[in-house]
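These notes are about the structure you will find just below.
The values are calculated or read from the model by the stated rules, or taken from the named source; none is laboratory data. In this text the structure is predicted, and so the values were computed from the model without any measurement. Quick reminder, even Gly has a Cβ in these numbers, built from the backbone with ideal geometry, and neighbours come from all protein chains shown.
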Amino acid sequence: MPVVDLNELIGTRGEWMQGKGPESDIVMSSRIRLARNLVQFPFLTRCDETVRGEIERTLRKQVVDLTLGGQLTYFDVEQLEGVDRQFLVERQLISRELAESHGSRGVCFTEGESVSLMLNEEDHLRIQVLRSGFDLDGCWNEINRIDDLLEERLAFAFDEQLGFLTACPTNVGTGIRVSVLMHLPALVLTKEIQKVFQALQKISLAVRGLYGEGSQAMGDFYQISNQITLGKSEDQLLKNLRDVVPSIIGYERKVRGALVEDNRQALHDKISRAYGTLKSAQSISSEETMHLLSSVRMGVNLGLIDDLPIPTVNELFMHTQPAHLQKLRRSNLDSADRNVARAAYLRQRLAIAQPGDQN
């Protein structure tokens, strides 16, 4: 496996950020994760450092040469600096849990960053497939293929009655977590988002922030996923989101349309001010940047901004996050310095962005 410098990833963009998938004006990405544990080892909560090391080495040997479509990259997460671990979290390649954990652990991912395999997170192995737009079927077909490949090489902990055994009881059964990352600025602006939250809670769907469990909603992004897997088949869990997400997409589009029809000038002014601030600010926080980019992204999709492509907007959401910003500057920055560097990056990037830009 070729050795890849983490800094090289800065110049690339994950496939899921291209904004080319179905319904990608509202659904940023679709994701499916599977939790698996090796039958010959205890759960990680009962492992000492020696056993954790054995699990990591066993899994690493089997995953690095899988046929996943393109070059694979492996990083020993334990050996990475804190900013590098956060960088991988911001790219959605690892979870916050894996970044903040301890001991032997790693991640293996494909060149397009659509597939990643996390070793020694909460479970021994977490398989993740990430796709642009509303594409749960594409995610499922790919992750099911990868799961089959792994089962030819590894024996997973499985009970005939309960299904796959996992560290957290809520994942027992299929071990699957199905989620979509949705951009819902109009529902937030009109305060209709609370109705969505209440409806989802009634059908046992969880709503989380941009980086999953425990994270805050930033830039009007919400991750919607199943809460439990026990007693539900993969088809049932996929169907649940397949049925619900189109209704939320329709609701967001309806409210966007109403905002344009009722007061197009005020909406255009709000979006233009957001765009102008991003292009001229001398210092800006990550939180404010996410808020303003959210308005700009909606403006692009509504045709109120015509000189900025969606892939560039999607990229800016990521590149202005703390770890990405420090990797771009190749230096550790405190909060105040990051705010200045973020503003400078935005001014430079937005000055050169063109409708055909794919960099």
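Quick check on my filter: what residues within region 247-293 are of a type in the set (Lys, Arg) and modelled with pLDDT of 95 or more? Matches in region 247-293: Arg253, Lys254, Arg256, Lys270, Arg273, Lys279.
Scanning region 198-208 for any residue that is of a type outside the set (D, E, K, R), under 22 Å from Arg13 (Cβ atoms) and within 19 Å of the chain's Cα centre (by Cα) turns up nothing. When we screen Glu23, Glu78, Glu54 for residues that are over 19 Å from Gly112 (Cα atoms), under 19 Å from the mean Cα position of the chain (by Cα) and in the same structural domain as Leu154 (by TED's automatic domain parsing), the only hit is Glu23. Leu181 passes every criterion in (1) touching a residue at least 24 places away in the same chain (Cβ under 8 Å); (2) out of contact with any helix residue (DSSP H, G or I) (no Cβ under 8 Å at 6 or more places or on another chain); (3) over 30 Å from Arg347 (Cβ atoms) apart from (3). No other residue among Lys239, Lys195, Lys232, Lys191 is among the charged types (D, E, K, R), modelled with pLDDT of 90 or more and under 20 Å from Arg33 (Cβ atoms) apart from Lys239. Against the test of being surrounded by fewer than 21 Cβ atoms within 10 Å (Cβ to Cβ), within 23 Å of Arg297 (Cβ to Cβ) and not aromatic (Phe, Trp, Tyr), the options Leu189, Leu181 yield a single qualifying residue, Leu189. For region 131-172, filtering for residues that are closer than 18 Å to Gln227 by Cβ, in contact with a strand residue (DSSP E or B) (Cβ under 7 Å, 6 or more places away or on another chain) and surrounded by fewer than 22 Cβ atoms within 10 Å (Cβ to Cβ) leaves 4.
When the residues of region 244-280 are filtered to those that are closer than 19 Å to Met290 by Cβ and polar (S, T, N, Q), which remaining residue is surrounded by the most Cβ atoms within 10 Å (Cβ to Cβ)? So the residue we want is Thr277. For region 46-55, filtering for residues that are free of Cβ contacts under 8 Å to residues at least 40 places away in the same chain and among the basic types (Lys, Arg) leaves 1.
Of the helices (runs of 4 or more DSSP H) lying entirely inside region 236-353, the ones with 1 or more residues being outside the structural domain of Val83 (by TED's automatic domain parsing) and basic (Lys, Arg) are found at 286-301, 322-329, 335-352. When region 322-340 is filtered for residues that are without any contact (Cβ under 8 Å) to a residue 24 or more places away in the chain and surrounded by 19 or more Cβ atoms within 10 Å (Cβ to Cβ), only Leu325 remains. For beta carbons closer than 7 Å, sequence separation of 6+ or different chains, a first residue in region 15-26 that is over 17 Å from Gly250 (Cα atoms) and part of a loop (DSSP other than H, G, I, E, B) and a second that is modelled with pLDDT of 95 or more and of a type in the set (S, T, N, Q), the qualifying pairs are Gln18/Ser132; Gly19/Ser132; Lys20/Ser132.
Among the numbered conditions (1) charged (D, E, K, R); (2) at pLDDT below 95; (3) closer than 30 Å to Ala186 by Cβ, the only one that Arg31 does not meet is (2). The set of residues in region 157-175 being part of a helix (DSSP H, G or I) and either over 23 Å from the mean Cα position of the chain (by Cα) or not assigned by TED's automatic domain parsing to the domain that holds Asn120 (or both) consists of Pro169 alone.
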